[in-house]
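Everything below concerns the one structure shown next.
The values are calculated or read from the model by the stated rules, or taken from the named source; none is laboratory data. Not measured: the values here are computed from a predicted model. Cβ atoms come from the backbone with ideal geometry, glycine included; neighbour counts cover every protein chain shown.
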């Protein structure tokens, strides 16, 4: 399968710096995000990093990625203009470099235990969502899924799903899709900004959207979370 990292954001919460190259301890964000996948390299065809051509010019992204990930199969997809969100970023990236079959699409601002995701890839699924307890969490930071018996029944962006059965869980931005071409076609048709739009459509069609509970993760997507992650290291 392919692993896609959308990295075209403007880093507004970090003073408009290139967020994947910010550091947590001795690692950059993107190094920390990729690390858990290394043990599953035999199941990964390539890593694809999707970002702006202007960012490549300003920060030498491609050259630095080559140093960080020497020995790993990777490609870059350079976009000509900013996007509205990760669904648009990945859709335009795949338009550039192509794609097929199963894939994970992961943000670069967390490091999570992906072992449970790879353990579930042989089960039947159309989409697979890593989920996290919302105890003590701010809903404004999460997509929220209603989960029962390992299945997602509804999803909403930064709020509780309406009229849904199951337990509300936070969705970590590391989505698995069985067919990335179908996913991108849906994103294009919906003019989707977030993958929650694509997932909501899949749920309306009774597609199999599995929930995989994640117990170990570090989050560093804003200065407060970064400070907490460093403090807990």
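Scan region 48-61 and give yes if some residue there is in contact with a strand residue (DSSP E or B) (Cβ under 7 Å, 6 or more places away or on another chain), crowded, with 16+ Cβ neighbours inside 10 Å, free of Cβ contacts under 8 Å to residues at least 40 places away in the same chain and not in a strand (DSSP E or B), otherwise no. Within region 48-61, one or more residues are in contact with a strand residue (DSSP E or B) (Cβ under 7 Å, 6 or more places away or on another chain), crowded, with 16+ Cβ neighbours inside 10 Å, free of Cβ contacts under 8 Å to residues at least 40 places away in the same chain and not in a strand (DSSP E or B). In region 26-47, of all residues being in contact (Cβ under 8 Å) with a residue 12 or more places away in the chain, in contact with a helix residue (DSSP H, G or I) (Cβ under 8 Å, 6 or more places away or on another chain) and not in a helix (DSSP H, G or I), the one that is nearest to residue 14 (Cα to Cα) corresponds to 28. Residues that are in contact with a strand residue (DSSP E or B) (Cβ under 7 Å, 6 or more places away or on another chain), assigned to a loop (DSSP other than H, G, I, E, B), free of Cβ contacts under 8 Å to residues at least 24 places away in the same chain and surrounded by 19 or more Cβ atoms within 10 Å (Cβ to Cβ) do not occur anywhere in region 87-103. For region 201-233, which positions are surrounded by 16 or more Cβ atoms within 10 Å (Cβ to Cβ), outside any strand (DSSP E or B) and modelled with pLDDT of 95 or more? Correct list: 202, 203, 214. Evaluate the following for residue 116: is it modelled with pLDDT of 95 or more, assigned to a strand (DSSP E or B) and either under 17 Å from the mean Cα position of the chain (by Cα) or under 17 Å from residue 219 (Cβ atoms) (or both)? In short, no. The residues of region 129-149 that are exposed (fewer than 13 other Cβ atoms within 10 Å of the Cβ) and closer than 19 Å to residue 216 by Cα, listed by number, are 135, 136, 138.
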